[in-house]
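Chemist: Quick one: the structure is below, and I'll ask about it shortly.
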Amino acid sequence: MNALLAQTDCEGQNRANPLAADPLWKRTSTMKSEKVEFSGSQGHDLAARYDGPDENPRAFALFAHCFTCGKDLNAINRIARALAADGIGLFRFDFTGLGLSNGDFANTNFSSNVEDLIAAADYMRGSMAAPTIMIGHSLGGAATLVAAGMVPEVRAVATIGAPFDSENVLKQFKNDIDAIESDGEAEVMLAGRPFKMKKQFIEDARSQNVADHIAKLKKPLLVMHSPIDETVALDHARKIYEAAKHPKSFVSLDKADHLLMKNAADGQYVARVLSAWASQYI
């Protein structure tokens, strides 16, 4: 497997790696990086990437990206690189219908995201090793809180800017909800891109009980959230923390934005905290 020499942004466009001069990049420039595919919950081929240290990793982690984003978000690349430097391999993938994965996004929902995560864990179990750490960003964090309880090998769970409930995502297209419910579907703009949303997505989001899964998780939980997050309010982190049983920890991401994009150090900080915290469980 060759070293990863370029990054891909959330739109899927390759560009020169801005971390090339970073000391962390120099430490991990020979890390293993491999593109793979596996079958998702709806039977479609999902695009995935594994990044890890040259030597045998001390743990494997599974990452769930944010709503309508993808596995190649720059912040996730930084997290993968930092974790590799600490001996942890990271497996991330594009949910069905997003990024380079096949399938129709309009036919997906929160439940299918959870099922995609379980399918990813199954693939890891058969091809490398089952994940002992699960990490989720934003809505991917909520999905991780549900899926982690269904992956017995997981020993530590972490969320980044995650909502307490799946219904929170509906506010991103709140002005279109009436049209979707009356017509059955509608095209909405999310992050400057058009997406077809169906009524079933709304109904599925409203039907979830993430809080119940948090209370029954019975796995160490790390909640990371920025106090100035404008996409998912800090109060969601409080509710997740209060619903969870011990052992649990909360880390403030201080001045970070929701996507961890404004400052390259934010993604590296998340990985360093995660690695230090998880080391007692892996």
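Chemist: Among the numbered conditions (1) outside any loop (DSSP other than H, G, I, E, B); (2) among the β-branched types (Val, Ile, Thr); (3) farther than 23 Å from ASN168 by Cα, tell me where ILE282 comes up short.
Modeler: Evaluating ILE282 over (1) outside any loop (DSSP other than H, G, I, E, B); (2) among the β-branched types (Val, Ile, Thr); (3) farther than 23 Å from ASN168 by Cα leaves (1) as the failure.
Chemist: For SER101, are the conditions met, namely being part of a helix (DSSP H, G or I) and of a type in the set (Gly, Ala, Ser)?
Modeler: No.
Chemist: Here's something else I'd like to know. Go through the stretch 220-262 and give me each residue that's polar (S, T, N, Q), over 16 Å from ALA148 (Cβ atoms) and surrounded by 15 or more Cβ atoms within 10 Å (Cβ to Cβ).
Modeler: SER226, THR231
Chemist: So is PHE164 in a loop (DSSP other than H, G, I, E, B), open to solvent by less than 60 Å² (accessible area, probe 1.4 Å) and either within 30 Å of VAL251 (Cβ to Cβ) or touching a Ser or Thr at 6+ places or on another chain (Cβ under 7 Å) (or both) or not?
Modeler: yes
Chemist: For the stretch 51-72, check the following and say yes or no: at least one residue is assigned to a helix (DSSP H, G or I) and surrounded by fewer than 24 Cβ atoms within 10 Å (Cβ to Cβ).
Modeler: No: zero hits.
Chemist: Could you list, in sequence order, all residues of the stretch 133-147 that are touching a helix residue (DSSP H, G or I) at 6+ places or on another chain (Cβ under 8 Å) and not in a strand (DSSP E or B)?
Modeler: Hits for the stretch 133-147 are LEU139, GLY140, ALA142, ALA143, THR144, LEU145, VAL146, ALA147.
Chemist: Here is a follow-up. Would you mind telling me which numbered condition in (1) in contact with an Asp or Glu (Cβ under 9 Å, 6 or more places away or on another chain); (2) buried (at least 24 other Cβ atoms within 10 Å of the Cβ); (3) closer than 14 Å to ARG49 by Cα ALA75 fails?
Modeler: That leaves (3) as the condition not met.
Chemist: Got a sec? Which of GLY43, GLY89 is of a type in the set (Gly, Ala, Ser), open to solvent by 40 Å² or more (accessible area, probe 1.4 Å) and without any contact (Cβ under 8 Å) to a residue 60 or more places away in the chain?
Modeler: None of the other options fit; the residue is GLY43.
Chemist: Please pick out the residue among ALA191, ALA179 that is more than 17 Å from ASP235 (Cα to Cα), surrounded by fewer than 22 Cβ atoms within 10 Å (Cβ to Cβ), at pLDDT below 95 and small (Gly, Ala, Ser).
Modeler: Within the list ALA191, ALA179, the selection yields ALA191.
The values are calculated or read from the model by the stated rules, or taken from the named source; none is laboratory data. On a predicted model such as this, the values are computed, not experimentally measured, just so you know. No Cβ is skipped: glycine too gets one built from the backbone with ideal geometry, and neighbour counts run over all protein chains shown. Ligands, DNA and RNA are excluded from the accessible area calculation, which covers all protein heavy atoms including side chains. Shrake-Rupley method; radii C 1.70, N 1.55, O 1.52, S 1.80 Å.
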